[in-house]
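Shown next, in structure tokens, is the structure this report addresses.
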Amino acid sequence: MSTDHHHPAEPAPIERRVAALEALLTERGLVSPGFVDEVNRAYEEDIGPRNGAKVVARAWVDPDYRRRLLADSTAAIAELGFGGAEGDHMQVVENTDSVHNVVVCTLCSCYPWPVLGLPPTWYKDPAYRARVVREPRAVLAEMGCQLDDDVEVAVWDSSAEQRYLVLPQQPAGTDDLSEDQLAELVTRDAMIGVARP
Ligand code: FE
């Protein structure tokens, strides 16, 4: 059994401890019910993915940055101030007219925290992890991401050593937008590769 990849076979003890801590804090009136859920939601949907969106928008407006990002992703992401735990070996994979990239962790839920925050529930779902490798087109279509038949799908399996971020294609007709406005178009799901901006 591999020891270089953290893939809990049962619910991690840390999750039980966090749940117990949350219950205690709530009982003592130190946090309001739902506070921890709200923090989690914010990291999944708002705070975390906004970092990745800034990286993508910079790559769209700055060809030199884009080249650095594809050549040494970890260093280029660090230029914008993002890095650290669960993101210290990053690889950005670029969507083109002929290749669409999608990210999974087949063994557990490895995910690039510094640029995407916490993984969504479906990313940790055994069905997504198994099926996106076997039948990526079908899974993507079910998630609302239809690809033309002539577009190749590349599936990237994350690990403790290597985390991936999809660089989506800039939507047509957005050349006049500012970098900040472009970042607003970039969704978490587009950077996992299950949607397009
Ligand atoms: Fe994993």
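Find the Rg to Rh ratio for the chain, where Rh is the Kirkwood radius over alpha-carbon pairs and Rg uses the same atoms.
1.00
Can you work out ³J(HN,Hα) from phi for every residue in the range 30-39, in order, using Karplus 6.51 cos²θ - 1.76 cosθ + 1.60 and θ = phi - 60°, giving whole Hz and x for Gly and Pro?
Rounded to whole hertz, the list is 7, 9, 7, x, x, 4, 5, 4, 5, 4.
Rounded to a whole number, what % of the accessible area of the range 13-192 do carbon and sulfur atoms account for, probe 1.4 Å?
Here carbon and sulfur together make up 52 percent of the probe-accessible area.
With r defined as the distance between the Cβ atoms of Ala85 and Ala42 and R0 fixed at 22 Å, what FRET efficiency is calculated, to the nearest 0.05?
0.75
Full-extension gain between Glu135 and Arg50, please, as 0.36 nm times their residue separation minus the C-alpha to C-alpha distance.
27.7 nm is the gain from fully extending Glu135 to Arg50.
Set the Förster distance to 25 Å, then compute FRET efficiency between Leu21 and Leu107 from the Cβ-Cβ distance, nearest 0.05.
The pair Leu21/Leu107 has a calculated efficiency of 0.40.
Arranged from highest to lowest average of other beta-carbon atoms within 10 Å per residue, in what order do the peptides 78-84, 67-73, 160-166 appear?
Result, highest mean first: 160-166, 67-73, 78-84.
Taking 0.36 nm per residue of sequence separation and subtracting the Cα-Cα distance, how much length would be gained by fully extending the chain between Ser98 and Glu179, in nm to one decimal?
Between Ser98 and Glu179, full extension yields 26.6 nm more.
Rounded to the nearest 500 deg cm²/dmol, what is the calculated helix-only ellipticity per residue at 222 nm for the chain, with -39500 (n - 2.57) per DSSP H run of length n ≥ 4?
For the chain, the value works out to -13000 deg cm²/dmol.
Counting only heavy atoms of the protein chains, get the accessible area per residue of the range 13-192 (1.4 Å probe) and round it to a whole Å² value.
53 Å²
In debye, nearest 20, what is the charge dipole magnitude of the range 13-192 about its Cα centre with +1 on Lys and Arg Cβ and -1 on Asp and Glu Cβ, if you could check?
660 debye
Relative contact order of the range 13-192, please, whole-number percent, based on alpha carbon pairs below 8 angstrom and at least 6 residues apart.
Averaging sequence separation for qualifying contacts and normalising by length gives 29 percent for the range 13-192.
Sort 136-146, 32-42 for me by packing, meaning the mean count of neighbouring Cβ atoms within 10 Å per residue, highest on top.
136-146, 32-42
The values are calculated or read from the model by the stated rules, or taken from the named source; none is laboratory data. Please read these numbers as outputs of a predicted model, since none were measured by experiment. Every residue, glycine as well, gets a Cβ built from its backbone with ideal geometry; the counts of neighbours run over all protein chains shown. Accessible surface areas use protein heavy atoms only, side chains included; no ligands, DNA or RNA. Shrake-Rupley method; radii C 1.70, N 1.55, O 1.52, S 1.80 Å.
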